[in-house]
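Colleague: Dropping the structure in here first, questions after.
Every number here is computed from the coordinates shown, using simple stated rules; none is lab data. What you see is a predicted model; the values in this text were computed from it and never measured. Cβ atoms come from the backbone with ideal geometry, glycine included; neighbour counts cover every protein chain shown.
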Amino acid sequence: MSDPNLSSSVSDLPSLSIRRPVLIVVLNLLIAIAGLGALSGLEVRELPDVDTPRVTVTAQFPGASPETVDAEVTGRLEGAVARVSGVKNIYAQSEENSARVRVEFRPGVNLEDAANEVRESVSRVQRQLPEDVEQVAIIRADSDAQAVVSLAISSDTLDMETLTERVDTDVAPLFLSIPGVADVTLNGDRERVLRVSVDPLRLTSFSLSMSDIADALSLAPFDVPAGSIQSAEQALIVRADATSVSAEDVGNIVVSGDIRINDVASVYFGPADTTSVVRLDGTPVIGVGVIRQASSNTIEISDEVLAMVKDLDKRFTDMHITVTADDAEFIRDSVKEVVISLSLTVALVVVTLLVFIGSWRATIVPSLSIPVSLAGALAIIWGMGFSINILTLLALVLATGMIVDDAIVVSENIQRRRSMGLGARAAAVIGTREVFFAVVATTAVLASVFIPIAFLPSTAGRLFREFGGVLAGAVVISSFVALSLVPALTARLKVKETKSDGLFSKTFGRFGNACLGVYQASLLKALKYGWVVGILSLAAGGGAYILSQNIDNELLPSEDRGTIRIFARGPDGAGLNFMDRQAEKMEELLLPYVENGTIDSIYTVVGSWDPNIVFITAPLKHWDERDKSLQDVVNEIRPKLQQIPGAPGNAFGGNSLNLRGQGGGLEIALTGDTYENIFLAAQNFSRQLEEKLPELGRPRISYDPTQPQMRVNIDRRRAEELGVPLTDIASTLRAAVNGDDIADLNVGDQAIPIMLQTNNRSTLDPSELTSLYVKSVDGNLVPLSSVAFISEEGVAAELERQAQRRAIKVEMELPEDVALSEVVDQIRTLALDTLPDGVGLVFLGEAQTFEETSKQVALTYILAFVIVLLVLAAQFESVNSAVVVMLTVPFGIAAAVYALFLTGTSINIYSQIGLVMLIGLLAKNAILLIEFADQLRDKGYDIYDAIVEAGKVRLRPIMMTLVSTILGGLPLILSTGAGAEARNAIGWVVFGGLGIAVVFTLYLTPVLYLALARFTKPRADESAKLEREMEEANAQHS
């Protein structure tokens, strides 16, 4: 029977490449040009768009306690947003004066549509909220999200009120106008207010109450349109205007009879009360935080902000703007480092080809496949709507070694055919046809590994999607290049004759022949004692399984992102001054690192969310300019920070997905019906956690009923009898305690709040509150003690809800050397044993994402394995050959486990990406061996001779492809700087996994083939039967 590979009449890609080489070259050039054209339109970001759409609803309820806010505001807002479609999680907080509801949507939900639905749903319940609720706002971001760019603004000449007004009117709106910015937060700002400071004794002597002053002040901004007078010739607008625009005007407002406000109060402009303190290296500043929307681009936002800062510096010479933190710096450096790795990989692969081939001229052809395939991959990135990010660039790095694999296989087989005496064109066509199926099969396998992953909805699926898409696309293009451009050029390339006494023959040639001799001898031994190879392989697999139980399993590796964050929470009720003193102690611990050049600056915010919270950001020097890593510094300062009395701090670094809790550790929530029951369960659970898992530190419970509260208990019946309106009591208490915002006074283009307060509010003894007077409806003054009494109690400063149930959050530390998977399992087991009925456990943040991702990744491995098996069975037309290939894959994964264990690398999202890719790579090498053995069986070889000859012929291309792929991962292992942790994780899987797995490919695969191939007949048998039966059929009809 004639060999179809030798036919010249068959019209296929190899023969087309010889007949029409110009067409082939033009097609490849068009691929490269498309990639270069797409380069300018590609978006650059850190990771694929895996942001979870989030919307935050906030509302202010001045003077309301957490219990009141929870019952009357938070619960209703939460119920409203729960009716919005696509909601995944709802987390709500109730604090004094404010409510906050954070809504997390399912992946794929459009953020704009979600925000609009939330807005509509909230507006439907807004009428049910108390009248005093104000500033209900919907923000398209997590309100607790870290700013992507933080700025510190100061001035040597402007006072804090003027600087605040400048920032509020001229700076913040500019940043808000940047596409992708959700919110701009200000800290340390103090707006200008008009204070009306009342003397309670003088007020009483004039028989007036606070309500009288409030009523008079409410008319201060009196400007009412009265209509217009119209005649045949003109229209005249009429306004009734009695607006007061100065402190003197307000002081002259008549309260009653001849009594003016000046008679009972001092009126003056001044700064608002301090709600937060911000310092940059000890200097008071105003902090500006730019928060991005989900899915928006950090680098684009950063570029816009930095450009605006330059313009503002020129526009306002009396104001200093300093960028204290910029997340884009890490991303830019990470991308730069990966591009450097890519360049090194290309160079290493070309050198590898030269070493194996021994001729610059012969090396040029397979090397040309690299730029064409990489450029084509860029076009695929653009066409699929992907971005240039760390994962897609890592895919290009790893693809570089694989891209050249197909070209090596084709080129090497053509050279082998030419050495057998065939002409250049015939060798190109026949040599390409012989490996055509193997190249297509390996490409299909690598592509099919990543196709199912694209449909996974979790974070892992969305991360894998772009990585796998780019890798698969690059390999598909490389196979086209290998089967078209390589034979076209090789046929016209004059191959330099290799001299037997040349340098290459004496060195690498001699070494290669020695390796081939050793492999042939050892392969014969392995086939003879196949059962020994099987037992050793099983032992290696079992050992890998045991070791895998000792490898840390986490969502993301510890990353040096160049910024240390410190979070500290003081006792409930602690004031700004106390927390400021604690913050100064933390700054003192960081000063030595500033002096030795490790830390660049110290940016401190006291009272960022609550008065008892300190948040410090300490950007480190550039990675190249310091000796210590972020983890080293954190490990040194963490014990000292935790020893600060009253407000122990916790130092931590961020991660790529920004999933760490506010304090940088592990977060869980306990849910139930009443806060009292949940709190008792949380206390008991925390004790158990501290006892059983001491490495997590002392758990911090968010609910703490120790906030001192003074309750003014009003006797409604007594107030009714004396004719005292409850609203007058409320306004009197508000003015005496915190100051009452009466109205806004328009001065120029500023709206300045008028604050009514007592002149002794800062020194007021709480017991003196009942000595205040309120006015009855008949005009008499009634002491507050006649209608109310005071009691003291402890309450929680913050109430939380999770999934519309009352919840209490528990925070723990998550040291770098503690595996997240173990902690999650241990906490869940402890919860089952400890928590009472009615109290549930919910993981938050990183732990929640880890749980979702680990389930999806397990499914990914199964899907990848099954689909590759089915693809191979279809291509080989033999389940048997497919099974032989796939049986070696688990042992290759075992090799990667050994590599991870020996290098101390954890199993994380990046190493798992490498493991999934390894399934395709391992199958690829086995295909080269099995496919050639099947071809030899079709030619009449028996099974033993076929696999021995296949091992002999295929050793060189297998080793070339293997070494090129392994060296492709070498720059990832050796890389340092920004984002090195992710590159190291993938690099070790590929480098170590393939390096060790080559033993299984070269020995276990032939042993399995010899054992299993006897159960199937060669494919040529079926073809011969079909031809014979067709000939018989034709003979019957003729």
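Colleague: With Cβ to Cβ distances under 13 Å as the rule, what net charge do the other residues near S341 carry (K, R +1; D, E -1)?
Modeller: Local net charge: 0.
Colleague: Moving on to the next point. Say the cut-off is 25 Å between C-alpha atoms; which of K310/K585; K585/K809; K88/K809; K628/K692; K525/K952 go over it?
Modeller: K310/K585; K585/K809; K628/K692
Colleague: Stretched out fully, how many nm does the piece from V238 to T204 gain, at 0.36 nm a residue minus the Cα gap?
Modeller: Result for the pair: 8.3 nm of gain on full extension.
Colleague: With the dipole of segment 75-135 worked out from charges on the C-beta (+1 for Lys and Arg, -1 for Asp and Glu) around the Cα centre, which of P130, A115, S85 lies farthest toward the positive end?
Modeller: The one lying farthest along the dipole's positive direction is S85.
Colleague: What angle, in degrees between 0 and 90 and rounded to the nearest 10, separates the Cα long axis of helix 327-357 from the longest principal axis of the Cα atoms of the chain?
Modeller: So the helix axis and the longest Cα principal axis differ by about 10 degrees.
Colleague: Order these peptides, 380-392, 575-587, by their mean beta-carbon neighbour count within 10 angstrom, highest first.
Modeller: Answer by packing, highest mean first, reads 380-392, 575-587.
Colleague: Return a whole-number percent for the relative contact order of the chain, with Cα pairs under 8 Å and 6 or more residues apart as the contact set.
Modeller: In percent, rounded to a whole number, it is 16.
Colleague: Here's something else I'd like to know. Go through W623, A232, V103 and say which Cα lies farthest out towards the positive end of the charge dipole of the chain; charges sit on Cβ, +1 for Lys and Arg, -1 for Asp and Glu.
Modeller: With unit charges placed on the Cβ atoms, the residue in question is W623.
Colleague: Now, a different point. What's the magnitude of the charge dipole for the chain around its Cα centre, counting Lys and Arg as +1 and Asp and Glu as -1 at the beta-carbon? Answer in Debye, nearest 20.
Modeller: Approximately 6420 debye in magnitude.
Colleague: Sticking with this structure for a sec: Taking the Cβ of each residue in F850, F467, F679 as the centre, tally the other Cβ atoms inside 10 Å and list the residues starting with the fewest.
Modeller: So the ranking, lowest neighbour count to highest, is F679, F850, F467.
Colleague: Could you give the nm distance between label points at L536 and N746, where each point is 7 Å from its Cα heading toward the beta carbon?
Modeller: The answer from the label model is 9.0 nm.
Colleague: Can I ask one more? Provide the FRET efficiency to the nearest 0.05 for the R119-A71 pair, computing r from the beta carbons and using R0 = 30 Å.
Modeller: 0.80
Colleague: At 0.36 nm per residue, and after removing the present C-alpha to C-alpha distance, how many nm does the segment from N738 to N89 gain when stretched out fully?
Modeller: Roughly 230.1 nm would be gained on extension.
Colleague: As a test of the formula, what do you get for the chain when each DSSP H run with n ≥ 4 contributes -39,500 (n - 2.57) and the sum is divided by the residue count, at 222 nm and rounded to the nearest 500 deg cm²/dmol?
Modeller: The helix contribution divided over the chain gives -17000 deg cm²/dmol.
Colleague: Here's a follow-up. Could you state the angle between the C-alpha long axis of helix 909-938 and the longest principal axis of the C-alpha atoms of the chain, as a value from 0 to 90 degrees rounded to the nearest 10?
Modeller: It works out to around 20 degrees.
Colleague: Pull out the extension gain between A34 and Q643, defined as 0.36 nm times the separation in residues minus the alpha carbon to alpha carbon distance; nm, one decimal.
Modeller: Extra length available between A34 and Q643 comes to 213.3 nm.
Colleague: Expressed as an acute angle from 0 to 90° and rounded to the nearest 10, what is the orientation of the C-alpha long axis of helix 675-692 relative to the principal long axis of the chain?
Modeller: 50
Colleague: Taking the Cα-to-Cβ direction at D159 and at D627 and moving 7 Å from each Cα, how far apart do the two end points lie in nm?
Modeller: Result for the modelled spin labels: 4.9 nm.
Colleague: What's the local net charge at D189, with K and R +1, D and E -1, over the other residues with C-beta under 12 Å away?
Modeller: The answer is -2.
Colleague: Now, a different point. Please rank T442, T617, T563, fewest neighbouring Cβ atoms within 10 Å first, as an exposure proxy.
Modeller: Neighbour counts put them in this order, fewest first: T617, T563, T442.
Colleague: Further question: Note down the nm distance, to one decimal, between modelled labels 7 Å out along Cα→Cβ at D825 and at D12.
Modeller: 5.0
Colleague: Percent relative contact order of segment 270-396, based on C-alpha pairs within less than 8 angstrom and at least six residues apart?
Modeller: 19
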